[in-house]
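Every read-out reported here was derived from the displayed coordinates using simple, explicitly stated rules and does not represent laboratory data. Quick caveat, the model's predicted, so the values are computed rather than measured. Positions of Cβ are generated from backbone atoms using ideal geometry, with glycine treated the same way; all protein chains shown enter the neighbour counts.
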Amino acid sequence: MFQDSLQPVVTSNVSTDSIVLFDSTAAASANRQASKPKVEAKVEEPEILPNFFFTTYTKDFRPRLRKTDVEAWILPLLLGAFFLAAIVNTLFPKTIRNILMNFLKRDAFRKIREEDNLLYRRTLALMLLIFLVVSPVFIYQVAGYFKLSTAFLPFMPAYWQLFLIGAGILGFKLFTIQLLGYLFNCIVEAGQYITGIILMNCLLGVLFIPVSLGIKISATEISGYLLMGGIGLFCLFYFVSLLIGIGAGIRSEALSKFHLILYFCTLEILPVFLIIKTVRNIL
């Protein structure tokens, strides 16, 4: 009876086949596998083969989003203006050299306006076209630097708006000077002043090409100095054009000095002060 009490007592009906032993080594291995980041299989991209039209021969190449540059038009436009300036210099090198070396002489503008000097006037017309192409770019960059809006019409790009505004202002100014020359019987002096304005704008347009290119491709610190330098060039050439007009008016015997002062104060100096005041109020 005592021996029977020593026999093991089974209190459960679970068979030994259903008992699962816990393996700590296997569990740790499984945890390490789960904690490792999954490495995606690298998909080899098909080779891009550009053709003549800058497309690709590979049809299954996946399209990607590209970051667009809203000012991407500036660089090709300036390069086109530089090409136009090179063509003008190639076709009329002697004429440009004579204009640049002799425009400070007293009779230089009278000689340029003579009927026989069609070559001089054609050269100035082409260089003035360069100014009309490049100056809107510089104005756009100045407006962007001071955070000013240049798009007045929503259905037209800002460049063409600035182009038309600049061409309209310049044309109105030249027409006004010519009209005043007829009214006050000083056609020769008005023609000299118009020639001086055109020449200063031509030189300014050529100089604006490297300035605007430098602003576009240089670092932010350097572009700020270039922009201020471009503004300084504009002020300098505008002041020189005023001196040309004042000199032509002072040498004139038909033009009254009172009328000369009245013109420059009303149509030249006053608009400049109004523009400066407007910009300061905006800033």
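Points to keep in mind about this one:
- Calculated FRET efficiency for the pair Asn185/Trp160, C-beta based, R₀ 41 Å, to 0.05: 0.55
- Prolate/oblate/rounded label for the stretch 74-282 (Cα gyration tensor, a/c 1.5): oblate
- Label-point separation, Ala143 to Phe264 (7 Å along Cα→Cβ), nm: 3.1
- Ordering 194-201, 216-223 by mean Cβ neighbour count within 10 Å, with the highest value first, yields 194-201, 216-223.
- Pairs of Lys in the stretch 74-282 closer than 20 Å at Cα, counting only those 8 or more apart or on different chains: 4
- Cβ crowding within 10 Å, taken as a proxy for footprinting-reagent exposure, orders Ser149, Ser212, Ser256 from fewest neighbours to most as Ser149, Ser256, Ser212.
- P(r) weight above 20 Å for the stretch 164-283, C-alpha pairs, percent: 52
- Calculated from backbone phi, Karplus (6.51, -1.76, 1.60) coupling profile of the stretch 85-94 in Hz, x at Gly/Pro: 5, 5, 5, 5, 5, 6, 7, 10, x, 5
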